[in-house]
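Q: Here it is, the structure, as structure tokens.
The values are calculated or read from the model by the stated rules, or taken from the named source; none is laboratory data. Worth saying up front: this structure is predicted, and the values here are computed from it rather than measured. No Cβ is skipped: glycine too gets one built from the backbone with ideal geometry, and neighbour counts run over all protein chains shown. Calculation scope for accessible area: heavy atoms of the full protein, side chains included, ligands and nucleic acids excluded. Shrake-Rupley method; radii C 1.70, N 1.55, O 1.52, S 1.80 Å.
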Amino acid sequence: MSTDIPDVSGISIGILGGTGDQGKGLARRFALAGHTVLIGSRSAERAQEAAASIGGPVRGADNSTVAAEADVVIVAIPWEGHRSTLESLRTELTGKIVVDCVNPLGFDKQGAFALQVEEGSAAQQAAEVLPGSRVVAAFHHVSAVLLLDPEVAEIDLDVLVLGDDREATDTVQALAGRIPGVRGVYGGRLRNAHQIEGLTANLISINRRYKAHAGLRVTDV
Ligand SMILES: NC(=O)c1ccc[n+]([C@@H]2O[C@H](COP(=O)([O-])OP(=O)(O)OC[C@H]3O[C@@H](n4cnc5c(N)ncnc54)[C@H](OP(=O)(O)O)[C@@H]3O)[C@@H](O)[C@H]2O)c1
């Protein structure tokens, strides 16, 4: 794989819905890597509590402040709140790299399954709602449990990074690589995000069968 990785060490990272496991887990790992991290929430107080629980260079604020202040913004909210949250932050997110890790999934007696999304995928919905932002899809398959576990020093995982803006996908690949053990691998254009989001349902099935926190590795790159 190309070693031409941009220097992202000075980038600040905001996380919408950062009070959940996925957001807190990513916040923890990026803070450990030396990034300034801003946890966002619908409630500034909840965000500040979550930030305090992580410690280090992590601050909490409402989603709108985080969207306005951070260099790169990760969307870590449930699918149900995806469209409305992004619509409300369109101005703050203009010009920014917005990283969508949202998996539109349903759950029934047979387990997890991919939902049909009108725009094709959550990431494509984000791009449609945020025409002035640089939307990238990534971090769909990382386990929040592993991100949060202090016993886990390295996470054995390739993060597939999708998008239509090469500089933005390069930046997010480099950010993924800031988590020990993780590699960011370009995974195609945004129009192919549906499979990546849906594949999470398969990983959840694998996790249930094998009592694991399964991840993916891409060979020969
Ligand atoms: N958990 C994982 O292992 C994992 C892995 C990969 C990807 N993901 C994706 O990451 C996203 C977050 O996962 P999670 O497990 O952290 O979810 P979560 O705990 O259910 O939600 C995260 C945060 O989103 C906010 N939120 C909840 N409902 C909302 C709504 N309707 N509108 C706006 N904000 C809302 C809440 O924060 P406030 O109440 O503080 O605003 C909540 O703490 C999901 O889309 C998931 O598919 C998760």
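Q: Answer with yes or no whether E119 is touching a residue at least 24 places away in the same chain (Cβ under 8 Å), farther than 13 Å from G198 by Cβ and away from the ligand (no atom under 14 Å from the Cβ).
A: Values: touching a residue at least 24 places away in the same chain (Cβ under 8 Å): no; farther than 13 Å from G198 by Cβ: yes; away from the ligand (no atom under 14 Å from the Cβ): yes.
It is false that E119 is touching a residue at least 24 places away in the same chain (Cβ under 8 Å), farther than 13 Å from G198 by Cβ and away from the ligand (no atom under 14 Å from the Cβ).
Q: Looking at (1) in contact (Cβ under 8 Å) with a residue 60 or more places away in the chain; (2) out of contact with any helix residue (DSSP H, G or I) (no Cβ under 9 Å at 6 or more places or on another chain); (3) not β-branched (V, I, T), which is the one condition that is false for A70?
A: Every condition holds for A70 apart from (1).
Q: Being assigned to a loop (DSSP other than H, G, I, E, B) and open to solvent by 10 Å² or more (accessible area, probe 1.4 Å) is the filter here, so list the residues in the stretch 102-132 that pass it.
A: Quick first cut of the stretch 102-132, residues assigned to a loop (DSSP other than H, G, I, E, B) only: 102-104, 109-110, 115-121, 130-132.
Once the filter is applied, which keeps residues that are assigned to a loop (DSSP other than H, G, I, E, B) and open to solvent by 10 Å² or more (accessible area, probe 1.4 Å), the stretch 102-132 yields N103, K109, Q110, L115, Q116, V117, E118, E119, G120, P131, G132.
Q: Looking only at the stretch 122-133, count every residue that is over 14 Å from the mean Cα position of the chain (by Cα) and either within 15 Å of the ligand (Cβ to nearest atom) or not aliphatic (A, V, I, L, M) (or both) and tell me the total.
A: The number of residues fulfilling the criteria is 7.
Q: From the residues in the stretch 71-101 that are away from the ligand (no atom under 11 Å from the Cβ) and touching a Gly at 6+ places or on another chain (Cβ under 6 Å), which one is most open to solvent (accessible area, probe 1.4 Å)?
A: T94
Q: Restricting attention to the stretch 134-178, report how many residues are within 16 Å of the ligand (Cβ to nearest atom), part of a loop (DSSP other than H, G, I, E, B) and more than 17 Å from R217 (Cβ to Cβ). Write out each step before concluding.
A: Going residue by residue through the stretch 134-178, those that are within 16 Å of the ligand (Cβ to nearest atom) are 135-149, 152, 155-162, 172, 175-176.
The next check asks that each one be part of a loop (DSSP other than H, G, I, E, B); those that pass are 138-143, 149, 152, 155-156.
If we keep only those that are more than 17 Å from R217 (Cβ to Cβ) too, we end up with 149.
Residues flagged as within 16 Å of the ligand (Cβ to nearest atom), part of a loop (DSSP other than H, G, I, E, B) and more than 17 Å from R217 (Cβ to Cβ) within the stretch 134-178 amount to 1.
Q: Can you go through G18, G25 and tell me which one is small (G, A, S), in contact (Cβ under 8 Å) with a residue 60 or more places away in the chain and open to solvent by less than 30 Å² (accessible area, probe 1.4 Å)? I'd like the intermediate steps shown before the answer.
A: Values: G18 fails: in contact (Cβ under 8 Å) with a residue 60 or more places away in the chain.
When all the criteria are applied, what remains is G25.
Q: Give the stretch 40-61 a look and list any residue that's within 9 Å of the ligand (Cβ to nearest atom), of a type outside the set (K, R) and buried (at least 16 other Cβ atoms within 10 Å of the Cβ), or say none.
A: Selection gives G40, S41, A47, A50.
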